[in-house]
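The values are calculated or read from the model by the stated rules, or taken from the named source; none is laboratory data. Nothing here was measured: the structure is a model prediction, and the numbers come from that model. Backbone-built Cβ (ideal geometry, glycine too); neighbour counts: all protein chains shown. Accessible surface is based on the protein model in full, side chains and every heavy atom, while ligands, DNA and RNA are left aside. Shrake-Rupley method; radii C 1.70, N 1.55, O 1.52, S 1.80 Å.
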Amino acid sequence: MNGKDYEPADIMTHYESDCGAATKVHYTKGQTVTVIVPALDCSKWQGFRGKILDSPSRPACRSQMDLQVEGNWRRLVTDQVGFHAQVVYGDYLREVGYALKKLARPAWENLSEGA
């Protein structure tokens, strides 16, 4: 997650199909993360900063983490544009916003702005 060190992980089956292999990563609690949620048609991206509270193992997707959202979580709940997310260690919201502005698309919404 930081580009050089590995997090502990278990190898499990892919949850939805119960076949193949998938990693269940044990993410570092307290770690700051950047979360990017693209719309299904990629017309808009939303992003927010958060902190990892836990990495549970519920009966769902293998990549799970409980996050404390630093920003407008109410807007995320009511206006979320997609249902998959990219998560990286660190705070890269400024860089993502800058890159998307240079592309002139997709639309960008930083839900942690001012947080």
Checklist entry - In straight Cα distance, which lysines are under 25 Å from residue 4, not counting same-chain residues fewer than 8 positions off? => result 24, 29, 51
Checklist entry - Over the chain, with a single point scatterer placed on each C-alpha, what log10 of the ratio I(q)/I(0) does the Debye formula yield at q = 0.10 1/Å? => result -0.33
Checklist entry - In the chain, which longest range has no trypsin sites (Lys or Arg not before Pro) that are both DSSP loop (not H, G, I, E or B) and surrounded by at most 15 other Cβ atoms within 10 Å? => result 30-115
Checklist entry - Do any GluC sites (Glu not before Pro) in the stretch 16-115 lie in a DSSP loop with no more than 12 other beta carbon atoms within 10 Å, and if so, which? => result 16
Checklist entry - By how many degrees, between 0 and 90 and to the nearest 10, does the Cα long axis of helix 93-103 differ from the longest principal axis of the chain? => result 60 degrees
Next on the checklist: From the phi angles alone, apply the Karplus equation (6.51, -1.76, 1.60; θ = phi - 60°) to the stretch 23-36 and give each ³J(HN,Hα) in whole Hz, x where the residue is Gly or Pro.
Outcome noted: 9, 9, 7, 9, 5, 6, 5, x, 6, 6, 9, 9, 10, 10
Checklist entry - Is it possible to state the helix-based mean residue ellipticity at 222 nm for the chain, with each DSSP H run of 4+ residues giving -39500 (n - 2.57), the sum divided by total residues, to the nearest 500 deg cm²/dmol? What is it? => result -4500 deg cm²/dmol
Item to check | For the chain, the longest site-free run once chymotrypsin sites (Phe, Trp or Tyr not before Pro) in DSSP loop states with at most 11 other Cβ atoms within 10 Å are removed | outcome: 7-82
Checklist entry - Percent of accessible area on the chain owned by carbon and sulfur, 1.4 Å probe? => result 54 percent
